[in-house]
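Student: This structure is in structure tokens; I'll ask about it shortly.
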Amino acid sequence: MADPTEVLLQTPLHALHVELGAKMVPFSGYDMPVQYPSGILKEHLHTREKAGLFDVSHMGQAFLSGADPAKALERLTPADVAGLKPGLQRYGLLLNDAGTIKDDFMFSRLIGEDALYLVVNAGTKDGDFAYIAEKLDGIAVLERRPDRALLALQGPAAGAVLERHSHGIDKLTFMKVVRCLVAGAPAIVSRSGYTGEDGFEISIEAIHAERVARALLGEPEVLPIGLGARDSLRLEAGLCLYGHDIDETTDPAEANLVWSIAKRRKMDKDFPAAEKIMDRVFNGTERRRVGIRPDGRAPAREGTEIADKSGKIVGKITSGGFGPTLNAPVAMGYVDSALATDGTELDLIVRGKPLPAKVVPMPFVPHRYRRAL
Amino acid sequence: MTDVRYTDQHEWVRVDGDEATIGITKYAAEQLGDVVFVELPETGRKIGAGGEAAVVESVKAASDVYSPVSGEVTGNNEALTADPAQVNADPEGEAWFFKLKLADKGEVEKLMTAAQYEEFVKGL
């Protein structure tokens, strides 16, 4: 239950969501649109077919500056920050001293700028920024940017749509980032997102947010999309949701996120709990994050127990629901590593009954990022 | 003569002789959003008033459907299993969930009338 005494924050697009008829719910301390009148299914399918506009202004934006912000940030993440070329964005894990996952985040090096641009999760942003500021005190300076809004335009039509409001932007390829104008507003635009589709994340000053959002929503291909479809899209894309699929009880090895540990960092072992994490990378972990497809139509939700065929509990679902693109239930969760191979048959204990399911590769729906040719 | 009554858990029950037809209200269907899965009770099962009878799942969440009255299940709407979206399209008509042979007709009288339910929903 939501705490009725909790004062919810609002994004700069709050009035627009209400005007558009959104159903608003508390999320990470914000009053956010979970869906619009068209509903989650239609919003989800529309994003896969055309383009959807998401308000993700609740996420945390910041700049990290100092003599060598990349080297400083590498104290807290196993990603290759120092090697990031100007104009590129990357995914990273923020680790605590024990080597478990404090958050996942995106970082960018903007062309001609020394500071790094960071985007972290909404629910963890206060803790993340306090942690970064404390750990990097004296080495780097963190400047939070609550004055900035963040929009995501996602879907196969996103490039054509954004090009109408930001000439030349469609030339940008996946994980590239640039400062440009969007509908006349100064923006930081990256070609990335959280749906598995081609698309963009657009950071703009809050004062321009509503005007830019209206301009994009005015395009015939674009519908507003709420958090409900954002979750089903990212689940089909096999992407982790912080606080569910990864958290401070999971490490990069068991979460299957070893790809985010750069080769140089693996060799140098200079990130938090590096020895322990690399030992787990090489020698294995007790459990692993996998994709799971239930047979039949019943969705298996977060918290559903996973059993092997002998009835022994071998894990738990961390994200699960209905995949509208597949018209079938999909889930991800952790299972004993011995069972973490594609094709392994399992049972999901839904309402006390074992429902057959299989371990499958992720993503459930292929990614369609606009990669460099 | 048929009589439709409502519960505070947003089920409706239509009584015809000693047969009750049960579904979820339009209000419930709207609150749930897009329905993607329905689990119905098997014929022959005996259910008490307020007992868990069916499950309805939207994209976001699962909800139990309780039987407003006690009785034995005499049939269920298998069309919903194949096409759960009917629950959103016509919740108080074609998309009924199951039928019961009433154990106690008096139970129906304790449920809300259409006018009472309308007032109840207004207060939510």
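The values are calculated or read from the model by the stated rules, or taken from the named source; none is laboratory data. Predicted, not measured: the structure shown is a model, and the values here were computed from it. A quick note on method: Cβ atoms are made from the backbone with ideal geometry, for glycine too, and the neighbour counts reach across all protein chains shown. The protein model used for the area step is the full one, side chains on, heavy atoms only, and it has no ligands, DNA or RNA in it. Shrake-Rupley method; radii C 1.70, N 1.55, O 1.52, S 1.80 Å.
Student: Using only Cα atoms, what is the ratio of the radius of gyration of the stretch A:58-203 to 2.2 N^0.38 Å?
Tutor: Compactness ratio reported: 1.03.
Student: What are the ³J(HN,Hα) couplings of the stretch A:236-243, residue after residue, when phi is run through the Karplus curve with 6.51, -1.76, 1.60 and θ = phi - 60°? Round to Hz, x for glycine and proline.
Tutor: Whole-Hz 3J(HN,Hα) from phi for the stretch A:236-243: 4, 7, x, 8, 6, 9, 5, x.
Student: Sticking with the crude label model, points 7 Å out along Cα→Cβ, report the distance from A:V258 to A:E275 in nm, one decimal please.
Tutor: Output for this residue pair reads 2.0 nm.
Student: Let me ask something additional. With only alpha-carbon atoms in the gyration tensor, what are the semi-axes of the equivalent ellipsoid for the stretch A:4-135, in Å, largest first?
Tutor: On the way: eigenvalues 205, 68, 37 Å².
Three semi-axes, in Å: 32, 18, 14.
Student: Once you've got the Cα coordinates, tell me which of A:K42/B:K101; A:K85/A:K125; A:K135/A:K276 are over 28 Å apart.
Tutor: Numbers: A:K42/B:K101 38 Å; A:K85/A:K125 25 Å; A:K135/A:K276 20 Å.
The pairs that break the limit, which is 28 Å between Cα atoms, are A:K42/B:K101.
Student: Just want the answer: with Cβ charges of +1 for Lys and Arg and -1 for Asp and Glu, which residue in A:A51, A:L9, A:V34 is farthest toward the dipole's positive end in the stretch A:1-54?
Tutor: The Cα lying farthest towards the positive end belongs to A:A51.
Student: For chain B, build the convex hull from the C-alpha positions and give me its volume per residue in Å³. Provide the component values of the computation, followed by the final result.
Tutor: Working: hull volume 11.4 nm³, N = 124.
With only Cα atoms used, chain B gives 92 Å³ per residue.
Student: If amide hydrogens are placed 1.01 Å from N in the peptide plane, which non-local residues have theirs closer than 5 Å to the one on B:D3?
Tutor: Answer set, sorted by chain and number: B:V15.
Student: Relative contact order of chain B: what whole-number percent is it, with Cα pairs under 8 angstrom and at least 6 residues apart? Could the numbers behind the result be given before it?
Tutor: Values: 277 pairs, mean separation 37.4, N = 124.
Relative CO of chain B lands at 30 percent.
Student: Here's a follow-up. Each residue of the stretch A:41-52 in order: what ³J(HN,Hα) in whole Hz does its phi give by Karplus 6.51 cos²θ - 1.76 cosθ + 1.60, θ = phi - 60°, with x for Gly and Pro?
Tutor: Working through the residues one at a time gives 4, 5, 4, 4, 5, 5, 4, 5, 9, 10, 7, x Hz.
Student: Using amide H atoms built in the peptide plane, which far-off residues or other-chain residues are under 5 Å from A:G60 H to H?
Tutor: Hits under the 5 Å cutoff: A:V120, A:N121, A:A122.
Student: Treating the Cα atoms of the stretch A:53-107 as identical point scatterers in vacuum, please give the log10 of the normalised Debye intensity I(q)/I(0) at q = 0.17 Å⁻¹, two decimals.
Tutor: The computed values of log10 I(q)/I(0) come out as -0.62.
Student: Another question, if that's okay. Can you give the accessible area buried between chains A and B, summed over both chains, with a 1.4 Å probe, in Å² to the nearest 100?
Tutor: 1300 Å²
Student: Let me ask something additional. Roughly what would the spin-label model give for B:A82 and B:K122, points 7 Å off Cα along C-beta, in nm?
Tutor: Using points 7 Å along Cα→Cβ, the separation is 4.1 nm.
Student: Quick one: putting +1 on the C-beta of Lys and Arg, -1 on the C-beta of Asp and Glu, what dipole do you get for the stretch A:22-126 around its Cα centre, in Debye to the nearest 20?
Tutor: Working: 11 positive and 13 negative charges, 61 e Å.
So the magnitude is around 300 debye.
Student: Choose one answer from A:A62, A:A237, A:A82: the residue with the largest mean-square fluctuation in a GNM of chain A with alpha-carbon springs under 10 Å.
Tutor: Highest fluctuation among the options: A:A82.
Student: Continuing with the same structure: Normalising by the residue count of the stretch A:29-187, find the relative contact order in percent from Cα pairs under 8 Å and 6+ residues apart.
Tutor: 30 percent
Student: If R₀ is 51 angstrom, what is the calculated FRET efficiency for the pair A:E205 and B:E109, using the beta carbon separation as r and rounding to 0.05?
Tutor: Values: r = 62 Å, r/R0 = 1.22.
The formula returns an efficiency of 0.25 here.
Student: For the pair A:I313 and B:E42, how long in nm is the line joining their label points, each one 7 Å along Cα→Cβ?
Tutor: Going from the A:I313 label point to the B:E42 one covers 2.6 nm.
Student: Shifting gears a bit: Using a probe of 1.4 angstrom, how much of the accessible area of the protein assembly as shown is carbon and sulfur, in percent? Provide the component values of the computation, followed by the final result.
Tutor: On the way: 11140 of 21160 Å².
Carbon with sulfur: 53 percent of the solvent-accessible area.
Student: Rounded to the nearest 500 deg cm²/dmol, what is the calculated helix-only ellipticity per residue at 222 nm for the protein assembly as shown, with -39500 (n - 2.57) per DSSP H run of length n ≥ 4?
Tutor: Working: 14 runs with 105 residues, N = 497.
Here the helix-only value at 222 nm equals -5500 deg cm²/dmol.
Student: Let me ask something else about it. Heavy-atom accessible area of A:D308 with all protein chains present, probe 1.4 Å, nearest 10 Å²?
Tutor: 30 Å²
Student: On to the next question. If one computes the Cα centroid of the stretch A:39-54 and of the stretch B:26-71, what distance in Å separates the two points?
Tutor: 28 Å
Student: What three numbers, in Å, describe the spread of the alpha carbons of the stretch A:279-319 along their principal axes, ordered from the longest?
Tutor: Extents along the principal axes, in whole Å: 39, 23, 16.
Student: What list of ³J(HN,Hα) values in whole Hz, one per residue of the stretch A:225-233 in order, does the Karplus curve 6.51 cos²θ - 1.76 cosθ + 1.60 (θ = phi - 60°) give from phi, with Gly and Pro shown as x?
Tutor: With coefficients 6.51, -1.76 and 1.60, one gets 10, x, 5, x, 6, 4, 5, 5, 5 Hz.
Student: Given just the C-alpha atoms of the stretch A:155-241, how large is their convex hull per residue in cubic angstrom?
Tutor: Taking the convex hull of the Cα positions in the stretch A:155-241, it is 99 Å³ per residue.
Student: Okay, next question. Which residue fluctuates the most in chain B, going by a Gaussian network model with Cα springs under 10 Å, if the choices are B:E72, B:E109, B:E30?
Tutor: Ranking B:E72, B:E109, B:E30 by mean-square fluctuation puts B:E109 first.
Student: Once each part is reduced to its C-alpha centroid, what is the distance from the stretch A:210-224 to the stretch A:80-107 in angstrom?
Tutor: That distance is 31 Å.
Student: How do A:W259, B:W12, B:W96 rank by accessible surface area computed with a 1.4 Å probe, from largest to smallest? Walk me through the numbers on the way to the answer.
Tutor: Values: A:W259 170, B:W12 5, B:W96 55 Å².
Final ranking, largest accessible area leading: A:W259, B:W96, B:W12.
Student: Keeping all protein chains in place, calculate the accessible area per residue for chain A (probe 1.4 angstrom), answer in Å². Present the calculation step by step, with values, prior to reporting the outcome.
Tutor: On the way: 15230 Å² over 373 residues.
On a per-residue basis, 41 Å².
Student: Shifting gears a bit: Residues of the stretch B:33-61 with accessible area at least 40 Å² lower in the all-protein-chain context than alone (1.4 Å probe)?
Tutor: B:D34, B:V36, B:F37, B:E39, B:E57, B:V59, B:K60
Student: Another question, if that's okay. 5 Å is the cut-off here: which amide hydrogens, built 1.01 Å from N in the peptide plane, fall below it relative to A:Y30, excluding neighbours closer than 5 in sequence?
Tutor: So A:Y30 has HN proximity to A:L9.
Student: Ok, one more. Using every alpha carbon pair in the protein assembly as shown, what percent of pairs falls into each 10 Å bin from 0 up to the bin containing the largest distance?
Tutor: Percent of Cα pairs in each bin: 4, 17, 25, 24, 16, 8, 4, 1, 0.
Student: With bins 10 Å wide starting at 0, give me the P(r) of the stretch A:154-204 over every alpha carbon pair, in whole percents.
Tutor: Computed distribution, short to long bins: 30, 62, 8.
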